[in-house]
Amino acid sequence: MTSSVYMFLLISLILTSLTNGDAGLIQTTCKTTKYADLCVSILHSDPTSLNSDTKGLALILIRVATANATATSTFLSSQLLTTTNDTILKTVLKECSHMYAFSGDALRASVQDFASESYDYAYMHVMAAADYPNACRNAFRRYPKLIYPQAIASREDELKHICDVVLGLTDHLGF
């Protein structure tokens, strides 16, 4: 009877670890980042995260950040088509679209850096990706009559927060 209880517990433990993967790594790793809740939320939404190490978790977050930057660039390009004949606004939106495209490029470069374990370069590229949206905000500031749209500000904050999480994870990988 005792051996069957031990066997049951052992099988339960094995099955639990197989179905939950390494959710503990996600929790532990995300706690060390600036935006732990965002980190956990993103990683729990991706089923591959349960079988990932810290580097894999960072790559998942980079993929999400890249999608954000690309979607924002596309959104801004679409605003160019629907904007009135305000040439200044169109110029600023075009500049912003380019900045978010550059952000996506920097994030894609960081994936290559992770692959070659060049974490210092990956860190630099992620920092650049987080900084490109500042040029968009500054472009709006150059024209006092233009108001920085909340839709862009929200996307900027989300991208910067995801990049901050990636930077936190990269710190654990060493340079």
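The values are calculated or read from the model by the stated rules, or taken from the named source; none is laboratory data. These numbers were taken from a predicted model, which means no experiment stands behind them. No Cβ is skipped: glycine too gets one built from the backbone with ideal geometry, and neighbour counts run over all protein chains shown. For the accessible areas, the whole protein counts, side chains as well, though only heavy atoms, and no ligand, DNA or RNA atoms are used. Shrake-Rupley method; radii C 1.70, N 1.55, O 1.52, S 1.80 Å.
Residues that are assigned to a helix (DSSP H, G or I) and over 25 Å from Ala109 (Cβ atoms) occur at least once in the range 49-72.
Take the conditions open to solvent by less than 20 Å² (accessible area, probe 1.4 Å), in a helix (DSSP H, G or I), at pLDDT 95 or above and of a type in the set (S, T, N, Q) and apply them to Ser154. Does it pass?
On the way: open to solvent by less than 20 Å² (accessible area, probe 1.4 Å): no; in a helix (DSSP H, G or I): yes; at pLDDT 95 or above: yes; of a type in the set (S, T, N, Q): yes.
No: the conditions fail for Ser154.
Within the range 127-173, being within 20 Å of Phe114 (Cα to Cα) and basic (Lys, Arg) holds for one residue alone: Lys160. Selection of the range 13-46 for residues being open to solvent by 40 Å² or more (accessible area, probe 1.4 Å) and modelled with pLDDT under 50 yields Leu13, Ile14, Leu15, Thr16, Ser17, Leu18, Thr19, Asn20. Consider the range 70-89 and keep the residues that are free of Cβ contacts under 8 Å to residues at least 40 places away in the same chain, surrounded by 12 or more Cβ atoms within 10 Å (Cβ to Cβ) and of a type in the set (Val, Ile, Thr). The one that is farthest from Arg155 (Cα to Cα) is Thr83. Of all residues in the range 24-45, those that are under 21 Å from His125 (Cβ atoms) and either of a type in the set (Asp, Glu) or within 9 Å of the chain's Cα centre (by Cα) (or both) total 2.
If you check Leu80 against the conditions, is it in a helix (DSSP H, G or I) and modelled with pLDDT of 90 or more? In short, no.
Counting only residues that are more than 17 Å from Ile60 (Cβ to Cβ), touching a helix residue (DSSP H, G or I) at 6+ places or on another chain (Cβ under 8 Å) and either without any contact (Cβ under 8 Å) to a residue 24 or more places away in the chain or open to solvent by 50 Å² or more (accessible area, probe 1.4 Å) (or both), how many does the range 96-108 have?
First pass over the range 96-108, keeping only residues more than 17 Å from Ile60 (Cβ to Cβ): 96-103, 105-106.
Okay, now just the ones that are also touching a helix residue (DSSP H, G or I) at 6+ places or on another chain (Cβ under 8 Å), so 96-103, 106.
Next cut, either without any contact (Cβ under 8 Å) to a residue 24 or more places away in the chain or open to solvent by 50 Å² or more (accessible area, probe 1.4 Å) (or both) only: 98, 102.
Residues flagged as more than 17 Å from Ile60 (Cβ to Cβ), touching a helix residue (DSSP H, G or I) at 6+ places or on another chain (Cβ under 8 Å) and either without any contact (Cβ under 8 Å) to a residue 24 or more places away in the chain or open to solvent by 50 Å² or more (accessible area, probe 1.4 Å) (or both) within the range 96-108 amount to 2.
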